[in-house]
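S.K.: Dumping the structure here so I can ask a few things about it.
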Amino acid sequence: MDKKRNSVEFKITGRYAMFADPVTRVGGEKFSYQIPTYQALKGILESVYWKPTFIWYIDAVRVMKKIQTESKGIKTLQMDGIYPSQRNPEKQKEAAISDLSYYTYLRDVEYEVLAHFDWNNHRNDLRDDRDENKHHNIAKRSIIKGGRRDIFLGTRECQGYVEPCVFGEGDSFYKDYGELEFGVQFHGYDYPDETGKDELAVRLWRAKMKDGLIEFPMPKDCDSSLRRIIRKMKAKKFERDRTFSFLFNDPTVTDLLSEV
């Protein structure tokens, strides 16, 4: 697997993971995909370090441990109708109602991830923040520190942990296992600030793994016939020194920037 100049490599571990199949959410009982999605891994990396100046791209992931699942009974709180609403102001406050659902999680997971970033060319207002060396070094130091924000494996209740690694060096359970196909799966979202279009779209792809390695196609290379527009959406706007700070003036990365 080719590594780029600004590539980052890290390992993710956790007791449980939930990369929910959207098809199973309709009935309220979620079932995890067998492998992590591109969007979930991108979200984890954005929790490690991210700025709207650039976009993270996930190149590949290695499944290090055997794929195992575990089902749990979950009591979900039904909020609809508990309090008076504008639609029904006469409704009396009621006790919360809970339903029992069964969620199927992945258990005892470990992944190696290879990714890189590229400038967001739809954010020309942030071009003065484009310093590849500094962003790359801050990202690597953030991985060493375990991320700048909490890491979750697909959902809030699945806490994850990140640490540096050398991609490809560890032994995978699926080494010499051959090729496995997982069918059509969710790949990721196309957000307007990353595409320049005033719409939110979803991408699907035909997932497959060979000897524990999953190579993701770039978002622009995904099959257009497996892309669907969800709704209209505008890109978020940033105000300098109010909702966004350039590297040289960002107090949240001072400790990570001092050695760059």
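The values are calculated or read from the model by the stated rules, or taken from the named source; none is laboratory data. Keep in mind it's a predicted model, so treat the numbers as computed, not measured. Note that each Cβ is placed from the backbone with ideal geometry, even for glycine, and that neighbours are counted across all protein chains shown. Keep in mind that these areas ignore ligands, DNA and RNA; they rest on the heavy atoms of the full protein, side chains included. Shrake-Rupley method; radii C 1.70, N 1.55, O 1.52, S 1.80 Å.
S.K.: Here are some residues: GLY160, GLY147. Which one is modelled with pLDDT under 95, closer than 19 Å to ALA115 by Cα and open to solvent by less than 50 Å² (accessible area, probe 1.4 Å)? First the steps, then the outcome.
M.R.: Values: GLY160 fails: modelled with pLDDT under 95.
Selected residue: GLY147, the only one of GLY160, GLY147 that is modelled with pLDDT under 95, closer than 19 Å to ALA115 by Cα and open to solvent by less than 50 Å² (accessible area, probe 1.4 Å).
S.K.: Then there is this: Determine which member of the set ILE74, ILE58, ILE12 is under 30 Å from ASP99 (Cα atoms), open to solvent by less than 50 Å² (accessible area, probe 1.4 Å) and of a type outside the set (S, T, N, Q). Please lay out each step first, then the result.
M.R.: Values: ILE58 fails: under 30 Å from ASP99 (Cα atoms); ILE12 fails: under 30 Å from ASP99 (Cα atoms).
Only one candidate passes the filter, namely ILE74.
S.K.: Let me ask something else about it. Among the residues of region 32-53 satisfying the criterion of being closer than 19 Å to TRP205 by Cβ and touching an Asp or Glu at 6+ places or on another chain (Cβ under 9 Å), which is most open to solvent (accessible area, probe 1.4 Å)?
M.R.: Keep residues of region 32-53 that are closer than 19 Å to TRP205 by Cβ, which gives 32-45.
Now restrict to residues that are touching an Asp or Glu at 6+ places or on another chain (Cβ under 9 Å): 32-33.
Values: SER32: 7, TYR33: 22 Å².
Step by step, filter region 32-53, then rank; the result is TYR33.
S.K.: Could you count how many residues in region 201-247 are modelled with pLDDT of 90 or more, over 20 Å from TYR33 (Cα atoms) and β-branched (Val, Ile, Thr)?
M.R.: 2
S.K.: Another question, then. Considering ALA139, ALA115, which residue is among the small types (Gly, Ala, Ser), closer than 24 Å to GLY14 by Cβ and touching a Ser or Thr at 6+ places or on another chain (Cβ under 9 Å)? Walk me through it before giving the result.
M.R.: Working: ALA139 fails: touching a Ser or Thr at 6+ places or on another chain (Cβ under 9 Å).
Only one candidate qualifies: ALA115.
S.K.: Does region 102-122 include one or more residues that are loosely packed, with under 12 Cβ neighbours inside 10 Å and under 25 Å from ASP2 (Cα atoms)? First the steps, then the outcome.
M.R.: Taking region 102-122 and keeping what is loosely packed, with under 12 Cβ neighbours inside 10 Å, we get 121.
Keeping just the survivors that are under 25 Å from ASP2 (Cα atoms) gives 121.
Looking through region 102-122, at least one residue is loosely packed, with under 12 Cβ neighbours inside 10 Å and under 25 Å from ASP2 (Cα atoms).
S.K.: For region 174-199, which positions are in a strand (DSSP E or B), within 17 Å of the chain's Cα centre (by Cα) and over 17 Å from ALA40 (Cα atoms)? Before the answer, list the steps.
M.R.: As a first pass, look at region 174-199 and keep what is in a strand (DSSP E or B): 179-190, 199.
Keeping just the survivors that are within 17 Å of the chain's Cα centre (by Cα) gives 185-190.
Selection gives nothing.
S.K.: Restricting the search to region 123-135, which residues are part of a helix (DSSP H, G or I) and open to solvent by 60 Å² or more (accessible area, probe 1.4 Å)? Before the answer, list the steps.
M.R.: Step one: of region 123-135, the residues part of a helix (DSSP H, G or I) are 124-129, 132-135.
Result: ASN124, ASP125, ARG127, ASP128, ASN133, LYS134.
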